[in-house]
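This report refers to the structure that appears directly beneath it.
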Amino acid sequence: MDVKKEAQKQAEQTYLGFLKWCKVTFYWIMASALILASCNFGVEKGKDATGSKYNGAVYAPRGLDE
């Protein structure tokens, strides 16, 4: 077989494999994002939420005006 034809065939196979890998990776990322979004990205809401409970008044800077 001609070297150019062999190289062309191998390049096409590699390219198709790369496209397949990209598609599978994209689908996994989208599925993961969908699962995380359905779980609200792990953020808890409601009465028993264990979030940061940030209170800006507690951490307000004081004594800076001299």
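Here is how the numbers come out for the structure above:
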read-out	value
Furthest towards positive pole of dipole, 46, 64, 13, structure part the chain, Cβ charges	13
Longest DSSP-loop-exposure-free segment, chymotrypsin sites (Phe, Trp or Tyr not before Pro), the chain, at most 16 other Cβ within 10 Å	1-53
Heavy-atom accessible area per residue - the chain, 1.4 Å, Å²	101 Å²
Inter-probe distance in nm under a simple model that places probes 7 Å from Cα toward Cβ, at residue 7 and residue 55	7.2 nm
Which label in (i) 60, 11, 8; (ii) 57, 20, 5; (iii) 27, 16, 8 gives the computed semi-axes √(5λ) of the Cα gyration tensor in Å	(ii)
Chain lengthening between residue 38 and residue 25 when straightened (0.36 nm per residue, less Cα-Cα)	2.7 nm
Test item: Cα-centred dipole of the chain, Lys/Arg +1 and Asp/Glu -1 on Cβ, debye	320 debye
The chain - mean residue ellipticity at 222 nm from DSSP helices (-39,500 (n - 2.57) per run, n ≥ 4, rounded to 500)	-20000 deg cm²/dmol
Rounded percent of accessible protein surface that carbon and sulfur make up, the chain, 1.4 Å probe	63 percent
Angle between the chain longest axis and helix 3-38 axis [Cα atoms, degrees, rounded to 10]	20 degrees
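The values are calculated or read from the model by the stated rules, or taken from the named source; none is laboratory data. Quick caveat: nothing in here was measured; it's all calculated off a predicted structure. Counting neighbours? That spans all protein chains shown, and the Cβs are built from the backbone with ideal geometry, glycine included. Each accessible area value is taken on the protein alone, full model and side chains, heavy atoms only, with ligands, DNA and RNA left out. Shrake-Rupley method; radii C 1.70, N 1.55, O 1.52, S 1.80 Å.
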